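Engineer: Shown below is the structure under consideration.
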Amino acid sequence: MAHVVKGLPKSDEPLYASDFDNVTLPQAETYAENHTTDISDVLRELSRETHLKTPHGRMLSGVLQGRLLQLLCKLKNPQSVLEIGTFTGYSAIAIGEVLAPTATLTCIEINPEYEDFIRKYTNKAGLSKTIELIIGNALQIIPTLKSTFDLIFLDADKVHYPEYYDLVMPKLTQGGLLVADNVLWSGQVWDAAYNNKEVTALRQFNDKIQNDSRVTNLLLPLRDGLMIVEKTG
Ligand SMILES: C[S@@+](CC[C@H](N)C(=O)[O-])C[C@H]1O[C@@H](n2cnc3c(N)ncnc32)[C@H](O)[C@@H]1O
């Protein structure tokens with residue numbers, strides 16, 4: 001029998017991650033957020049303005065994921081970070097807040113409508129020297145990037161996740177981390193009833209990583225699923 005996740009969207013071809021619910025029970029998430037150190041004033045203001053001015057507020061990483069990204073950065077102390085999919089800047093600022101003063105964060109966002117938003121909050125957070133924003137299609141931009149990265153956060157364009165994996169792995173330093181969001185796609189990845197293009201790509205992505213002997217990976221069922229990949233071989 002197909003596993004039914006409460007709150008799944010009616011359509012099996014949603015356009016945005018914000019169109020459907022996380023896999024985590026809402027009560028568990030609220031309780032976890034209430035027992036997690038609060039976010040900064042800048043992130044709270046950014047979150048509020050995002051919800052007020054865009055219909056996609058649920059695309060924000062949020063408290064739990066933001067805190068997890070910060071913890072990974074504090075433990076890893078990356079000197080160079082790449083973010084694919086910045087939206088209004090929540091995860092970028094969360095990461096930027098804990099980076100060493102000499103570290104850099106390159107953010108790629110395809111939608112120019114978010115640029116002013118991102119720059120406004122990057123300035124408010126005092127991170128305009130740390131964060132380099134590139135507006136454009138990450139699939140085309142990544143091959144032009146000269147540097148390597150100690151941490152990469154993949155959070156855009158789910159239908160191309162397998163291609164992104166091939167593009168970013170050579171740019172990830174040995175021991176570096178790739179963190180990819182939405183890999184459970186509201187539970188559709190394990191349900192044979194779903195075969196839309198996002199879920200097909202995410203299954204390929206998850207299988208590709210599971211079968212890659214160069215990495216040690218952890219699929220964390222936090223919110224919509226986070227794949228954490230360490231380049232170990
Ligand atoms: C889930 S949101 C990112 C959320 C953000 N990381 C955060 O935590 O607040 C995904 C973003 O990826 C962007 N995007 C989609 N396709 C893209 C592409 N090919 N290249 C770069 N950005 C893309 C979308 O415009 C959207 O803003």
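The values are calculated or read from the model by the stated rules, or taken from the named source; none is laboratory data. Keep in mind it's a predicted model, so treat the numbers as computed, not measured. Every residue, glycine as well, gets a Cβ built from its backbone with ideal geometry; the counts of neighbours run over all protein chains shown.
Engineer: Just need a number here: residues in segment 200-233 that are polar (S, T, N, Q), in a loop (DSSP other than H, G, I, E, B) and over 20 Å from H160 (Cβ atoms).
Structural biologist: Matching residues across segment 200-233 total 2.
Engineer: If you go through segment 132-153 one residue at a time, do you hit one that is closer than 30 Å to R48 by Cα and of a type in the set (K, R)?
Structural biologist: no
Engineer: Let me ask something additional. Among the residues in segment 95-105, are any within 9 Å of the ligand (Cβ to nearest atom), crowded, with 16+ Cβ neighbours inside 10 Å and under 23 Å from I39 (Cβ atoms)?
Structural biologist: Looking through segment 95-105, none of the residues is within 9 Å of the ligand (Cβ to nearest atom), crowded, with 16+ Cβ neighbours inside 10 Å and under 23 Å from I39 (Cβ atoms).
Engineer: Additional query: Between residues in segment 219-233 that are over 18 Å from E29 (Cα atoms) and modelled with pLDDT under 95 and residues that are β-branched (V, I, T) and part of a strand (DSSP E or B), which pairs lie under 8 Å by C-beta distance while being six or more apart or on different chains?
Structural biologist: G233/V215
Engineer: Since M227 meets every condition but one in (1) over 28 Å from G136 (Cβ atoms); (2) buried (at least 18 other Cβ atoms within 10 Å of the Cβ), which condition does it not meet?
Structural biologist: All conditions pass for M227, except number (1).
Engineer: Could you grab me the full set of residues in segment 156-176 that are more than 13 Å from the ligand (Cβ to nearest atom) and either surrounded by 23 or more Cβ atoms within 10 Å (Cβ to Cβ) or not hydrophobic (A, V, I, L, M, F, W, C) (or both)?
Structural biologist: Result: P162, Y165, D166, P170, K171, T173, Q174, G175, G176.
Engineer: Tally the residues that are at pLDDT below 95, assigned to a helix (DSSP H, G or I) and within 16 Å of the ligand (Cβ to nearest atom), restricting the search to segment 23-46.
Structural biologist: 2
Engineer: Among the numbered criteria (1) within 30 Å of E230 (Cβ to Cβ); (2) surrounded by 13 or more Cβ atoms within 10 Å (Cβ to Cβ); (3) within 13 Å of the ligand (Cβ to nearest atom); (4) at pLDDT below 95, which single criterion is violated by G57?
Structural biologist: Tallying (1) within 30 Å of E230 (Cβ to Cβ); (2) surrounded by 13 or more Cβ atoms within 10 Å (Cβ to Cβ); (3) within 13 Å of the ligand (Cβ to nearest atom); (4) at pLDDT below 95, G57 fails exactly one: (1).
Engineer: Tell me yes or no: at least one residue of segment 185-199 is closer than 26 Å to E113 by Cα, aliphatic (A, V, I, L, M) and either touching a residue at least 60 places away in the same chain (Cβ under 8 Å) or part of a helix (DSSP H, G or I) (or both).
Structural biologist: Initial filter on segment 185-199 (closer than 26 Å to E113 by Cα): 185, 197-198.
Applying the additional criterion that residues be aliphatic (A, V, I, L, M) yields none.
For segment 185-199, residues closer than 26 Å to E113 by Cα, aliphatic (A, V, I, L, M) and either touching a residue at least 60 places away in the same chain (Cβ under 8 Å) or part of a helix (DSSP H, G or I) (or both): absent.
Engineer: Further question on the same structure: Kindly list, by first and then second residue, each pair from a residue in segment 170-184 that is on the phi < 0 side of the Ramachandran plot and assigned to a helix (DSSP H, G or I) to a residue that is among the hydroxyl-bearing types (S, T, Y) and away from the ligand (no atom under 16 Å from the Cβ), limited to pairs with Cβ atoms under 9 Å and residues at least 6 apart or on different chains.
Structural biologist: As it stands, the answer is P170/T148; K171/S147; K171/T148, since those pairs meet every condition given.
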